[in-house]
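The values are calculated or read from the model by the stated rules, or taken from the named source; none is laboratory data. Quick caveat, the model's predicted, so the values are computed rather than measured. Here the Cβ is made from the backbone with ideal geometry for all residues, glycine too, and neighbour counts use every protein chain on show. In case anyone asks, the SASA skips ligands and DNA or RNA and just uses the protein heavy atoms, side chains included. Shrake-Rupley method; radii C 1.70, N 1.55, O 1.52, S 1.80 Å.
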Number of protein chains: 2
Amino acid sequence: MAEPSIDGKLAEEFAVPSHVEEVKESMTEFAQYHTSEGRRVVVITSGGTKVPLESRTVRFLDNFSSGRRGASSAEYFIEAGYAVIFLHRHRSLYPYTRMFSTINMLDALQLKSEQGEVVVDQEVLPNITKVLKRYQEVKEHRLLLPIEFSALAEYLHLLKAAAQALSTIGSKAMFYLAAAVSDFYIPASEMPEHKIQSSNGPLQLSLNMVPKILSPLVKDWAPQAFVTSFKLETDASILLDKAKKALDTYRHQAVVANVLDSRRGYVVVVTRDTQVELLLTDEDVKKDIEIEEMIVSNLTSAHCRFIDQNKV
Amino acid sequence: MAEPSIDGKLAEEFAVPSHVEEVKESMTEFAQYHTSEGRRVVVITSGGTKVPLESRTVRFLDNFSSGRRGASSAEYFIEAGYAVIFLHRHRSLYPYTRMFSTINMLDALQLKSEQGEVVVDQEVLPNITKVLKRYQEVKEHRLLLPIEFSALAEYLHLLKAAAQALSTIGSKAMFYLAAAVSDFYIPASEMPEHKIQSSNGPLQLSLNMVPKILSPLVKDWAPQAFVTSFKLETDASILLDKAKKALDTYRHQAVVANVLDSRRGYVVVVTRDTQVELLLTDEDVKKDIEIEEMIVSNLTSAHCRFIDQNKV
């Protein structure tokens, strides 16, 4: 008997967002425009996915992720000449604004009552001019296409749409799958409609496995693209084995392996033949260097070689 | 045999945040300063609570809540002459900044290269002057004390600390418990240390009931305060019964009852003797009136009567 197809499961068990075709079109247009301008295109996924426990959802499962890695990586990909499709969790951290909160920003505003102007106090936000300039250039050149998701179902369908949209640009596409995607979910058919009542006593939950989307992404939807997945563990001793096993199973190009506690200062980029440790030194930290700059530099080089090899 | 005390359970099963004594002191000082200035003090809880599934947490349960109701209510309580302790989920919506995202704000900034100034374009943010003025006055008069939580354990201990801090001001204290608090949790002793492995197959979770904190809050920690709880259901048919039952059980002063789908336009404020429906009309919506203005107006009047009655 044939393995049940993930495509079929996606359509059956995960509600298709109503705007998916519209988003796919805008992604296709974005990818074609930028490749015609000589740029490569990366799809960055970022933030956690929400898994509802009720169909009128009050409660949900989530994955720890502020979206910091995805947001900062987006900036470094743009610096490296890429155009970025930023598929991110609603309200997760965002490129360029990631260092500010709305409260920081309101705290930095001053009323100039004579002119009726509202001005930023640059002692409170010392980087604002530099960040704002870069943000405005990126907007002007349309280098960043933001797409939002909240629920797991939205994430899965939008990622599939992105893969199909980018299949038109072949090896010039990269996938940088930094989102923290749930491994478990409750199928719609097994979900209660209404809020689970606490008066019914302790709660037993039974969760199914989320289909491994990496498999059809690599095999069917975007077979020519350069695909990087992320592996986050809390237990360092199983990390590298799991990273290598993922590469064997899905046959994609790279895994960025990291441990929860040290993820901002140390990662290993694992490919089929190599294993490169990236480490922020104390001196790097003092100079405000971020590990995402190193990760992106490593992967953009690998992507370059990948494109060359696939030309032959 | 005596019922196990909630205090004991709190200490045993929910890790005490290291800064709780410091926070309690600042809340006590805040409450005493403002009552000496003739103000009443409200503790607003806002946003959802995180319930970890692993002790090195990658996954967690959460409750749907943007924090909108708590954040807007804080503004109306301040307009009504209250000082506000805003006990809110990290990164949930915040008073005064709640209508802006960081992207809105960056989009509204303009570089004036001649003077090197960064100025807000007030066509993009038409309310900014008014909001900023009010925000600065509130800061100047120290009318808002923000306290953050993420995990359920932090919420429980910080709320207890708030209740104890406000017990010194008797009936002048109000609790406005708008946070969406989890009813279920996994005790530390039953939690795996490391990230749950998806390779182990489908996930069975068994969750305990969270102790009903409203009970010791009303009976022991702040017995003289005016306490308002919130009841959110998806099923309108059980809502009022549940609200009345809560009042009977906990003997507090008011329940704000609301249904998920209509919560921004319709609530019922239930007390032991009354049941007041608050409804936003289409005309109200056009005038940018918010339902929280009505809720706060109803409750501040009730609080006023409550203080008078307790003087006798």
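Note on the stretch B:25-48: residues that are surrounded by fewer than 18 Cβ atoms within 10 Å (Cβ to Cβ), outside any loop (DSSP other than H, G, I, E, B) and charged (D, E, K, R) total 2.
Looking only at residues of the stretch A:193-229 that are assigned to a loop (DSSP other than H, G, I, E, B) and within 20 Å of A:Leu10 (Cα to Cα), we find that the one that is farthest from the other protein chains (Cβ to nearest Cβ) is A:Pro223. On the stretch given as the stretch A:275-312, residues that are under 15 Å from A:Arg68 (Cβ atoms) and open to solvent by 90 Å² or more (accessible area, probe 1.4 Å) total 1. For the stretch A:176-189, the condition of being open to solvent by 30 Å² or more (accessible area, probe 1.4 Å) and more than 11 Å from chain B (Cβ to nearest Cβ) holds for at least one residue. Looking at the stretch B:217-229, which of its residues are farther than 18 Å from B:Val269 by Cα and surrounded by 19 or more Cβ atoms within 10 Å (Cβ to Cβ)? Those that are farther than 18 Å from B:Val269 by Cα and surrounded by 19 or more Cβ atoms within 10 Å (Cβ to Cβ): B:Leu217, B:Val218, B:Trp221, B:Ala222. Which of the following residues is modelled with pLDDT of 95 or more, in contact with a helix residue (DSSP H, G or I) (Cβ under 8 Å, 6 or more places away or on another chain) and among the aliphatic types (A, V, I, L, M): A:Leu217, A:Leu247, A:Leu232, A:Leu299? A:Leu217 is the lone residue from the list that is modelled with pLDDT of 95 or more, in contact with a helix residue (DSSP H, G or I) (Cβ under 8 Å, 6 or more places away or on another chain) and among the aliphatic types (A, V, I, L, M).
Taken over the stretch B:97-121, the criterion of being basic (Lys, Arg) and within 34 Å of the chain's Cα centre (by Cα) is satisfied by B:Arg98 alone. Looking only at residues of the stretch A:84-112 that are of a type in the set (Gly, Ala, Ser) and farther than 21 Å from A:Ser229 by Cβ, we find that the one that is farthest from the other protein chains (Cβ to nearest Cβ) is A:Ala108. Restrict the check to the stretch A:2-19 and report whether at least one residue is basic (Lys, Arg) and either farther than 30 Å from A:Phe306 by Cα or open to solvent by 60 Å² or more (accessible area, probe 1.4 Å) (or both). Yes - at least one qualifying residue is present in the stretch A:2-19. Looking only at residues in the stretch A:230-243 that are open to solvent by less than 50 Å² (accessible area, probe 1.4 Å) and part of a helix (DSSP H, G or I), the one that is farthest from the other protein chains (Cβ to nearest Cβ) is A:Ala243.
Counting only strands (runs of 3 or more DSSP E) that sit wholly inside the stretch B:49-143, those with at least 1 residues that are surrounded by 15 or more Cβ atoms within 10 Å (Cβ to Cβ) and acidic (Asp, Glu) are B:59-63, B:117-120. Residue pairs whose Cβ atoms lie under 6 Å apart, sitting 6 or more positions apart in sequence or on different chains, and linking a residue in the stretch B:293-307 that is in contact (Cβ under 8 Å) with a residue 12 or more places away in the chain to a partner that is part of a helix (DSSP H, G or I), are B:Glu293/B:Tyr76; B:Val296/B:Ser73; B:Val296/B:Tyr76; B:Val296/B:Phe77; B:Ile307/B:Ser171.
Quick check on B:Glu148: is it among the charged types (D, E, K, R) and surrounded by fewer than 20 Cβ atoms within 10 Å (Cβ to Cβ)? Yes, satisfied. Taking the stretch B:169-185 as the range and being in contact (Cβ under 8 Å) with a residue 60 or more places away in the chain and in a loop (DSSP other than H, G, I, E, B) as the test, the residues that pass are B:Ala178, B:Ala179, B:Val181, B:Ser182. Residue check: is B:Ala254 in contact with a strand residue (DSSP E or B) (Cβ under 7 Å, 6 or more places away or on another chain) and more than 22 Å from B:Glu148 (Cα to Cα)? Yes: the conditions hold for B:Ala254.
What number of residues within the stretch A:244-274 satisfy the criterion of being within 14 Å of another protein chain (Cβ to nearest Cβ), under 23 Å from A:Ala71 (Cβ atoms) and not polar (S, T, N, Q)? Qualifying residue count for the region: 5.
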